[in-house]
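Here, each number is a calculation from the coordinates, and none is a lab measurement. Small disclaimer: the values here were computed from a predicted structure and weren't measured. A quick note on method: Cβ atoms are made from the backbone with ideal geometry, for glycine too, and the neighbour counts reach across all protein chains shown.
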Amino acid sequence: MILFSASGYCLALRYVLPIYPFIFVMVGFLGTYLLQYRYLASMFIIWYLASAWYIAPHYLAYFNEIAGGPGNGYKYLVDGNLDWGQDLPGLKKFMDENGIKRISLSYFGADSPERYGIKYDWLPSHYLFNPEPDKEVRVTPDQLVAISATNLQGVYFDDKNQYKWLLDYKPVAKIGYSIFVYDLSGKRKFKL
């Protein structure tokens, strides 16, 4: 754990998963000696279960309340800790419910938006294939922009601030906590 924390290659929590069994054994050992705190332990168990129920089915996006909950998790960690491109079905559902035929998309993930029937105008992305490379990439004040949290933070872009300007806008929707939808016109109403 110390080596992982000190290294510059801290991409995802999965690299420290081998330490979990040792933590569980240590907690179990301490639990046998701290029976007088069973009410406190019961409160923590209830808190844990309530948190799991609240975040379902978006377990990957769980961040505790100290970090600001799942809505603020993207401020601390992205990539494999939050955003695996898992929310394309949710984006399609949002588009269908709001009558959105086409959206500008900067997507982080290896899946294809076309597979879900999402029609999009390509915005610079880490993995997303540009279906029209000859078409000029433009962002206009009247369009809807959907961007993955990892791209919003600029993790894999040469220009880390490429999408920081979007932080001046309030997202109209957060799809599964990993895709943010912005209405640059600010005039539309959405079903959430």
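Which one, S125, G109, G176, projects farthest toward the positive side of the charge dipole computed for the chain from Cβ point charges (K/R +1, D/E -1)?
G176
When a/c reaches 1.5 or more, the comparison of a/b and b/c decides; with that in mind, is segment 81-183 rounded, prolate or oblate per its Cα gyration tensor?
Working: a/c = 1.18, a/b = 1.14, b/c = 1.03.
Rounded, since a/c falls under 1.5.
Rank by packing, highest mean first: peptides 145-153, 116-124, 82-90, with packing defined as the count of other Cβ atoms within 10 Å averaged across residues.
Numbers: 145-153: 25.7, 116-124: 16.4, 82-90: 21.2.
Ranking, from highest mean packing down: 145-153, 82-90, 116-124.
Using 0.36 nm per residue, how much length does the chain from K189 to Q162 gain when fully extended, once their Cα-Cα distance is taken away?
On the way: separation 27, 0.36 × 27 = 9.72 nm, distance 2.70 nm.
Result for the pair: 7.0 nm of gain on full extension.
Shape call for the chain from the C-alpha gyration tensor, a ≥ b ≥ c root eigenvalues: rounded (a/c under 1.5), prolate (a/b greater than b/c) or oblate? It would help to have the intermediate numbers written out before the result.
Numbers: a/c = 2.67, a/b = 1.89, b/c = 1.41.
Judged from the Cα gyration tensor, the chain comes out prolate (a/c at least 1.5, a/b above b/c).
Calculate the dipole size of the chain relative to its Cα centre from +1 charges on Lys and Arg beta carbons and -1 charges on Asp and Glu beta carbons; express the result in debye to the nearest 20. Don't skip to the answer; put the middle values down first.
On the way: 19 positive and 17 negative charges, 110 e Å.
With only Lys, Arg, Asp and Glu charged at Cβ, the dipole is about 520 debye.
In what sequence do E136, E65 fall when counting other Cβ within 10 Å, fewest first? Before the final figure, lay out the partial values.
Numbers: E136 5, E65 10.
Neighbour counts put them in this order, fewest first: E136, E65.
Multiply the residue separation of Q36 and A110 by 0.36 nm, subtract the distance between their alpha-carbon atoms, and state the gained length in nm to one decimal. Mind dumping the intermediate values first?
On the way: separation 74, 0.36 × 74 = 26.64 nm, distance 5.01 nm.
Gain in length upon complete extension: 21.6 nm.
Would you calculate a helix-derived [θ] at 222 nm for the chain, using -39,500 (n - 2.57) for each DSSP H run of n ≥ 4 and dividing by the full residue count, to the nearest 500? Numbers along the way, then the final one.
Numbers: 5 runs with 51 residues, N = 192.
Roughly -8000 deg cm²/dmol at 222 nm, from the helical runs in the chain.
Is the C-alpha gyration tensor of segment 62-138 telling us rounded, prolate or oblate? Criteria: a/c under 1.5 is rounded; beyond that, a/b larger than b/c is prolate, otherwise oblate. The partial results should precede the final answer.
Values: a/c = 2.35, a/b = 1.64, b/c = 1.43.
It is prolate, given that a/c is not under 1.5 and a/b is the larger ratio.
Which trypsin sites (Lys or Arg not before Pro) in segment 128-192 sit in a loop by DSSP (not H, G, I, E or B) and have at most 15 other Cβ atoms within 10 Å of their own Cβ? Provide the component values of the computation, followed by the final result.
Values: sites: K135, R138, K160, K164, K174, K187, R188, K189, K191; in loops: K135, R138, K160, K187, R188, K189, K191.
Taking segment 128-192 and a limit of 15 other Cβ atoms within 10 Å, the loop trypsin sites (Lys or Arg not before Pro) found are K135, R138, K160, K187, R188, K189, K191.
Quick one: if you stick a label point 7 Å off each Cα along the C-beta vector at N98 and F29, how many nm between them?
According to this spin-label approximation, the distance is 5.2 nm.
Taking the number of other C-beta atoms within 10 Å as the exposure measure, put F108, F29, F63, F190 in order starting with the fewest.
Numbers: F108 25, F29 10, F63 21, F190 14.
The fewest-first ordering by Cβ neighbours comes to F29, F190, F63, F108.
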